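Here is the structure we will look at.
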Amino acid sequence: MAIHQTETGNSMILNKRQFLKFGGVSLAGAAIAPMYVNASASDSSSLESKTNNSSKLRNLTRNVKPISIDERKARIAKAQKIMSQLDVAALILEPGAAMDYFTGIQWWRSERLTAVVIPREGDIAVVCPFFEEPSIRESLAVGKDVRVWQEHESPFALVNKILSERKVSKAGGKIAFEHSVRYFVLKGVMELVPDMQDVRAETITLGCRMYKSEHEIALMRKANEVTLTAYAHVWSQLQLGMDQNEVKALMASAQSQLGGSNVWNMALFNEASAYPHGTRQSQTIREGSIILMDCGCEVEGYQSDISRTFVFGEPNKKQKKIWHNVREGQRIAFETAQIGVAAGVVDEKVREFYQAQGFGPDYKLPGLSHRTGHGIGMEGHESVNFVRGETTLLRPGMCFSNEPGIYLPGEFGVRLEDCIYMTELGPKWFTVPPNSLLDPIGSMGK
């Protein structure tokens, strides 16, 4: 359940709690751990040795292989094949995950249009402001056709020109836009091609992005390894009296030192853990505190998303019971998520179990107030979701979070989240959930 925010920090020299409170930490360590771009990378047996203290945290991502030019070309070819099947003449992308996925361009959205045009046949083209061209080309991995527009010119005229040059039929043709494309962009393009129809692009873009390749899964595995290793370190460093900002700073610094980028962290203690996405309440660790964390990072653009729930000190009977109910919910979700099963069934089976334990029904509290999981890849939340009514059938290459929780307003909440990927034989864990509050980290999937 991703909530993106980044914490940074400096070297740890003074008293740890004081320094964390005022500046955060940076974890020392220069040795490099190997990276294997296959699903058997970095066995979990070495996890504990990596995290005994901050000086042993090593960059796990130095030898990671980025997505290649040939891979991006194959993605474009697949998109064009789907476009032909759907009779779509062109696909227009704004900056975001899809643009990065196909072209490598890593950019942001502003009032100045930057767009990629993928025609049904022929080469792609990029439209961008004149003064941004050098920066755009820095990350452009595929294609050489970059068209620039000056401040007084219309970028939509350039898009129209590209469509004409690519011999896109404008009489009754279709142009595809993702749902996140801004209205002024869609309107600007379509006003210049009044004989064409705008259609949703998700069948095309998700038809490519929803099914991850072995390389993509390896990158996601590495991101999950970074986050899980950081969790083991943070768990060993928790102290009485720490507040949530200290814990988040510790986690952020650990993930960064281990090689994760765009790290994000959430930490909720005590009664605040019953708020799935947090609260402004002041929180500190005390004896018996529930500590719920939800954290992740990126490796070469692919994300992790792991939640852990700890108890500081000796857990009481109720904390143990709720934690084990949540863990059983995870198990049920994993066992239900088989090839050919509708994604919504995963959510239904978990809720059936929770209701039998006295929670809910449905989304009511105390109980599980959010979906059981979401798609994940280059974005923390992607389609498809483990949620009621979702009829999409599970197929190899799909990746999901598995994150049932139980929340008791005014008391505490528990969430465990590990991501899975679908194979021909069914689901596999990126990270294997823990089986006990006394050993609450878990391990890397084999």
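The values are calculated or read from the model by the stated rules, or taken from the named source; none is laboratory data. Just so it is clear, the structure is predicted and the values come from calculations on it, not from any experiment. Positions of Cβ are generated from backbone atoms using ideal geometry, with glycine treated the same way; all protein chains shown enter the neighbour counts. All accessible areas refer to the heavy atoms of the entire protein, side chains included, with ligands and DNA or RNA removed. Shrake-Rupley method; radii C 1.70, N 1.55, O 1.52, S 1.80 Å.
Some observations on this one:
- From Arg58, Arg17, Arg112, Arg62, residue being surrounded by 15 or more Cβ atoms within 10 Å (Cβ to Cβ) and either modelled with pLDDT under 95 or more than 20 Å from the chain's Cα centre (by Cα) (or both): Arg58
- Failed criterion for Trp264 (all others in (1) over 20 Å from Arg308 (Cα atoms); (2) within 14 Å of the chain's Cα centre (by Cα) hold): (1)
- Screening Gly413 against (1) in a loop (DSSP other than H, G, I, E, B); (2) over 30 Å from Phe102 (Cβ atoms); (3) in contact with a strand residue (DSSP E or B) (Cβ under 9 Å, 6 or more places away or on another chain) leaves a single unmet condition, (1).
- Condition met for Glu271 (more than 28 Å from Ser383 (Cβ to Cβ) and modelled with pLDDT of 95 or more): yes
Matching residues to (1) without any contact (Cβ under 8 Å) to a residue 12 or more places away in the chain; (2) over 15 Å from Ser213 (Cβ atoms):
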| residue | (1), (2) |
| --- | --- |
| Glu71 | no, no |
| Ala74 | yes, no |
| Ile82 | no, yes |
| Leu86 | no, yes |
| Ala90 | no, yes |
| Leu93 | no, yes |
| Thr114 | no, yes |
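- Looking across segment 250-259, the residues that are open to solvent by 10 Å² or more (accessible area, probe 1.4 Å) and closer than 21 Å to Glu379 by Cβ come down to Ser256, Gly259.
- In segment 317-335, the residues that are among the hydrophobic types (A, V, I, L, M, F, W, C) form Cβ pairs under 6 Å with partners that are open to solvent by 60 Å² or more (accessible area, probe 1.4 Å), at six or more places apart or across chains, as follows: Ile332/Lys349.
- Only one entry of Val341, Val311 meets the criterion of being touching a residue at least 24 places away in the same chain (Cβ under 8 Å), over 22 Å from the mean Cα position of the chain (by Cα) and more than 28 Å from Leu438 (Cβ to Cβ), and that entry is Val341.
- Looking only at segment 198-217, and only at residues there that are assigned to a loop (DSSP other than H, G, I, E, B) and over 12 Å from Leu91 (Cβ atoms), the one that is most open to solvent (accessible area, probe 1.4 Å): Tyr211
- Residues within segment 413-444 that are farther than 25 Å from Arg209 by Cβ, open to solvent by 10 Å² or more (accessible area, probe 1.4 Å) and not charged (D, E, K, R), tallied: 8
- Within segment 218-232, the residues that satisfy the criterion of being of a type in the set (Gly, Ala, Ser) and either open to solvent by 30 Å² or more (accessible area, probe 1.4 Å) or touching a helix residue (DSSP H, G or I) at 6+ places or on another chain (Cβ under 8 Å) (or both) are Ala230, Ala232.
- Number of positions in segment 73-104 that are part of a helix (DSSP H, G or I) and not acidic (Asp, Glu): 20
- The condition of being surrounded by fewer than 24 Cβ atoms within 10 Å (Cβ to Cβ), at negative phi, in contact with a Phe, Trp or Tyr (Cβ under 8 Å, 6 or more places away or on another chain) and modelled with pLDDT of 95 or more holds for Leu240.
- On the stretch given as segment 126-162, residues that are crowded, with 16+ Cβ neighbours inside 10 Å and part of a loop (DSSP other than H, G, I, E, B) total 4.
- Filtered residue count, segment 163-191, keeping only those that are assigned to a helix (DSSP H, G or I) and open to solvent by 50 Å² or more (accessible area, probe 1.4 Å): 5
- Pairs where the first residue, in segment 257-282, is more than 16 Å from Glu246 (Cα to Cα) and the second is aromatic (Phe, Trp, Tyr) and in a strand (DSSP E or B), C-beta under 6 Å, 6+ apart: Ser273/Phe412; Ala274/Tyr407; Ala274/Phe412
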